[in-house]
Amino acid sequence: MPYPVRDALGLSAEQHDFIRLARDFAAAEIRPRARAVDDAQTESPLELWDKAARTGLAAFMIPAEFGGGGVTDMVTQVLVQQELCHGDIGIGNLLTSSGFFADPVLELGTQAQKERWLRPLTTDTPPLTALAVTEPDHGSDAAGIRTRAVRDGDHYVLSGQKAWISNAPYAQRFVVFATVDPSLRARGVTAFVIDRDTPGLTVGRPMRKMGQRAIVNAEVFLDNVRVPAADRLGAEGQGFSGLMRTFDASRILIGASCAGLCRAALDLAVEYAQERVQFGVPIIEHQAVAFRLADMATRADTAHLVTMRAARLFDQGEKVTAESAMAKLTGSENAMFNTWAAVQTLGGWGYSQEFLAEKWMRDAKLEEIEEGTSDIQRLVISRALAKS
């Protein structure tokens, strides 16, 4: 019986329906495939992506006016993300990755651009997309990116290199962030939408990595790529502000992903501790194990509640830069603890591949790194404190 994380803030009947839909899909489709996808190393489970699309889970966050599910409130998105990632955090993040592409389009795009680039995401077999920000020498310092965008008549010419781009080997469309003038830092960052088959855009080999292998990463190379000015999102220099608002949303969703993983690790550890007998009793009756499980339960609830608070403030239109950083920081570090604690509770079996605990511990580490490391989240939070 899964540990029931209760939301003291109250949920609507519709939100409970979404939770059940995502939970059932995660149990029937995601969890059974988790080990095989991890073993595949550099192959995304595209058949699961198609199933999720037909169920409505791949585009539930896209506004209804563009054919999506119309679930634009962050609270419901958090609830769905938690359940999908309770099944498997890598697969769950893959299935909702359209949202990461959609956010800057929604934030910066014109109505015509939204219609052009969001509606394809709502079909039964939507194209995979990617967000290209990180570079070999610029990760957390997004204002310092070096990919150049030079105006040439009614086009821009983009040159540079992106690294660790999720979905890159499969993506049919990219939101690429470049700078019109590196000396301007944030004020020069500009966003463009580029189709995969645009001359000069090439994708490197899939990168082998520690965890979350359902999402395949690769480098993206831009060699004098000509992009129509009509494919620019917002004005020159607006890209950074749009990206920061995107981060406010995506960090909340990472917190949600981690909350789901926290709960998965807890469920496994409790089930094992109830069945494993040592010294004549189930190990859950030994205080050392019981207290560790209590810490896991507390961290699972904390990750959920901190993320829900950030989501509710986001939906109210509040500035949530600090709160979203708290959600990601709390969720990622609690997920790292809970997956470690699950391995510890299972002992030798936790270290083996007979159970998913060791995989989950590898998966959890990414969340302390991507979209700004834990150090960056603490920097964001401390700067908010200084301003207050």
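With all distinct Cα pairs included, what does the Kirkwood hydrodynamic radius of the chain come out to in Å, to one decimal, could you say? If you can, show how the numbers build up before the last one.
Working: mean 1/r = 0.0470 Å⁻¹.
The Cα-based Kirkwood calculation yields 21.3 Å.
Within 13 Å, Cβ to Cβ, of Ala28, how many net charges do the neighbouring residues add up to if Lys/Arg are +1 and Asp/Glu are -1?
Numbers: positive: Arg20, Arg23, Arg31, Arg33, Lys51; negative: Asp24, Glu29, Glu83, Asp88.
Overall, the nearby charge balance is +1.
Average the reciprocal distances over every distinct pair of alpha-carbons in the stretch 105-217, invert the result, and give the Kirkwood radius in Å.
Values: mean 1/r = 0.0659 Å⁻¹.
For the stretch 105-217, the Kirkwood estimate is 15.2 Å.
Out of Ala384, Ser98, Gln344, whose Cα points farthest toward the positive end of the dipole of the chain (charges: +1 Lys, Arg; -1 Asp, Glu; placed on Cβ)?
Ala384
Can you put His16, His286 in order, fewest other beta carbons within 10 Å first? If you can, show how the numbers build up before the last one.
Working: His16 11, His286 14.
Arranged by neighbour count, lowest to highest, His16, His286 become His16, His286.
First select every other residue whose beta carbon is under 13 angstrom from the beta carbon of Thr190; then total the charges, Lys and Arg +1, Asp and Glu -1. It would help to have the intermediate numbers written out before the result.
Details: positive: Arg148, Arg151, Arg185, Arg187, Arg232; negative: Asp181, Asp231, Glu236.
Neighbourhood net charge equals +2.
Among Arg54, Arg276, Arg31, which one moves the most in a GNM of the chain with springs linking Cα atoms closer than 10 Å?
Largest GNM mean-square fluctuation: Arg276.
Taking the DSSP beta bridges in the stretch 129-237 as the whole, what percent of them are antiparallel, to the nearest 5?
Numbers: 27 of 32 bridges.
In the stretch 129-237, approximately 85 percent of DSSP beta bridges are antiparallel ones.
Listed highest first by mean packing, meaning other Cβ atoms within 10 Å per residue, what order do 82-88, 55-61 come in? Walk me through the intermediate numbers first.
Working: 82-88: 28.0, 55-61: 23.1.
Final packing ranking: 82-88, 55-61.
Most mobile of Gly260, Gly90, Gly280 per a Gaussian network model of the chain (Cα springs, under 10 Å)?
In the Gaussian network model the winner is Gly280.
Using Cα positions and a limit of under 29 Å, work out the lysines in reach of Lys359, with same-chain residues fewer than 8 apart set aside.
Qualifying lysines at Cα under 29 Å: Lys51, Lys162, Lys209, Lys328.
Quickly estimate the mean residue ellipticity at 222 nm for the chain, helices only: each DSSP H run with n ≥ 4 gives -39500 (n - 2.57), and the total goes over all residues, rounded to 500. Spell out each step's value before the answer.
Numbers: 13 runs with 191 residues, N = 388.
Computed ellipticity for the chain at 222 nm equals -16000 deg cm²/dmol.
Where does the charge balance sit around Ala130 when Lys and Arg score +1, Asp and Glu -1, over other residues with C-beta under 10 Å from its C-beta? Each step should come with its number before you reach the end.
Working: positive: Lys162, Arg173, Arg196; negative: none.
Charge balance near Ala130 sits at +3.
Would you be so kind as to identify which of Thr179, Ser332, Gln274 lies farthest towards the positive end of the dipole of the chain, taking Lys and Arg as +1 and Asp and Glu as -1 on Cβ and the Cα centre as origin?
Thr179
For the chain, set up a Gaussian network in which alpha carbons nearer than 10 Å are linked by springs, and say which option among Thr129, Thr307, Thr72 fluctuates the most.
Of Thr129, Thr307, Thr72, the most mobile in the Gaussian network model is Thr72.
Let's see if you can work this out: charge +1 on each Lys and Arg Cβ, -1 on each Asp and Glu Cβ, no other charges. What is the dipole magnitude of the stretch 257-388 about its Cα centre, in debye to the nearest 20? Intermediate results must be reported in sequence, preceding the final value.
On the way: 14 positive and 18 negative charges, 87 e Å.
It comes to approximately 420 debye.
Please arrange Lys365, Lys328, Lys387 by how many other C-beta atoms lie within 10 Å of their C-beta, fewest to most.
Working: Lys365 17, Lys328 34, Lys387 7.
Going from least to most buried by this count: Lys387, Lys365, Lys328.
With only Lys, Arg, Asp and Glu charged, each at its Cβ (+1 for the first two, -1 for the last two), find how big the charge dipole of the chain is about the Cα centre; round to the nearest 20 debye. The partial results should precede the final answer.
Working: 41 positive and 49 negative charges, 115 e Å.
Around 560 debye, computed over the chain.
Can you put Met296, Met244 in order, fewest other beta carbons within 10 Å first? Could you put the intermediate results ahead of the total?
Details: Met296 26, Met244 16.
Fewest to most other Cβ atoms nearby, the residues stand as Met244, Met296.
Read-outs: derived from the displayed coordinates by stated rules, not from any lab. Please read these numbers as outputs of a predicted model, since none were measured by experiment. Don't worry about glycine lacking a Cβ; one is built from the backbone with ideal geometry, like all the others, and counts go over all protein chains shown.
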